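These notes concern the structure reproduced below.
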Amino acid sequence: EPEVTQTPSHQVTQMGQEVILRCVPISNHLYFYWYRQILGQKVEFLVSFYNNEISEKSEIFDDQFSVERPDGSNFTLKIRSTKLEDSAMYFCASSDTGGDYSNQPQHFGDGTRLSIL
Amino acid sequence: AQSVAQPEDQVNVAEGNPLTVKCTYSVSGNPYLFWYVQYPNRGLQFLLKYITGDNLVKGSYGFEAEFNKSQTSFHLKKPSALVSDSALYFCAVRDIGTPLVFGKGTRLSVIA
């Protein structure tokens, strides 16, 4: 079964540095998402991406964050000038369109654990 | 704005017994409801969804969920629990054109 893959599995970065988290969505999917899960807390939506542009974003997704689909397979989340509170598990997800995209299940990668020191 | 409540942080059940993981939701329109499971150090795996139609939805690994509009609930059930079902379970809701919103999760522990 096709999977969403994320790299690296664990990223340790000094506060103030930039970090790029990478994802390869399922190949025929057209909607892409980033979520984060702070340890012990719930999964929070960050941003969705369709047709090479952001379709929705949460309050968390401020100017510090950006997303890009640099080629036909990768989907990246960049965090500029990281802060201690950015430490979390970051999940990428993708979904098919198949009509109403809102009712399509999202397929998640195994996440990147980001630790800011 | 939509929201999801999972009132139990932890559910313990003996192997072979039926299990229920509770979820209630709030949404302005007709809800799309989902259950996901998360095993340690893994991403969320889709179990089942409700869009419309039959209130009882069947999903992966023998799980099912019952949609109750009057009670705004979408409880996850399984007739006979397995030790391998032990994991973190998330209920999620989405309205058309809005982001998926997750509950805080319920940790299910199935004891042999």
Exercise. Work out which residues of the stretch B:83-112 lose at minimum 40 square angstrom of accessible surface when the other protein chains are put back, relative to the chain isolated, with a 1.4 angstrom probe, and list them by number.
Key: B:Arg94, B:Gly97, B:Pro99, B:Leu100, B:Phe102
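Rounded to two decimals, what is the ratio between the C-alpha radius of gyration of the protein assembly as shown and 2.2 N^0.38 Å? Before the final figure, lay out the partial values.
Working: Rg = 17.6 Å, N = 229, 2.2 N^0.38 = 17.3 Å.
Relative to the rule-of-thumb radius for its length, the protein assembly as shown sits at 1.02.
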Quiz item: Using a simple spin-label model with points 7 Å from Cα along the Cα→Cβ vector, what separation in nm is obtained for A:Leu39 and A:Glu1?
Solution: 3.0 nm
Practice problem: Give me the accessible area per residue for the protein assembly as shown, probe 1.4 Å, as a whole number in Å². | Solution: 48 Å²
Quiz item: Where nothing but the Cβ of Lys and Arg (+1) and of Asp and Glu (-1) is charged, how large is the charge dipole of the stretch B:3-111 around its Cα centre, in debye to the nearest 20?
Solution: 160 debye
Quiz item: In terms of Cα to Cα distance under 26 Å, which lysines are near enough to A:Lys83, apart from those fewer than 8 places away along the same chain?
Solution: A:Lys42, A:Lys57, B:Lys104
Self-check item: Cβ-derived FRET efficiency at R0 45 Å, B:Glu64 paired with A:Lys78, nearest 0.05
Solution: 0.65
Quiz item: Dipole of the protein assembly as shown (Lys/Arg Cβ +1, Asp/Glu Cβ -1, origin at the Cα centre): which of A:Asn28, B:Ser86, A:Cys92 lies farthest to the positive side?
Solution: B:Ser86
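Compute for the stretch A:5-98: radius of gyration divided by Kirkwood radius, i.e. Rg/Rh, restricted to C-alpha atoms, rounded to two decimals.
Values: Rg = 12.8 Å, Rh = 13.6 Å.
Rounded to two decimals, Rg/Rh equals 0.94.
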Quiz item: Between A:Asn51 and B:Ala112, what is the spin-label point distance in nm, taking each point 7 Å from the Cα along the Cα→C-beta axis?
Solution: 5.4 nm
Quiz prompt | Cα convex hull volume per residue for the stretch A:43-117 (Å³) | solution = 112 Å³
Exercise. Work out, step by step, the length gained on full extension between A:Asp96 and A:Glu68: first 0.36 nm times the residue separation, then minus their alpha carbon distance; give nm to one decimal.
Key: 8.2 nm
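The values are calculated or read from the model by the stated rules, or taken from the named source; none is laboratory data. Since we're looking at a predicted model, the values are computed, not measured. Every residue, glycine among them, receives a Cβ derived from its backbone with ideal geometry; neighbour counts consider all protein chains shown. Ligands, DNA and RNA are excluded from the accessible area calculation, which covers all protein heavy atoms including side chains. Shrake-Rupley method; radii C 1.70, N 1.55, O 1.52, S 1.80 Å.
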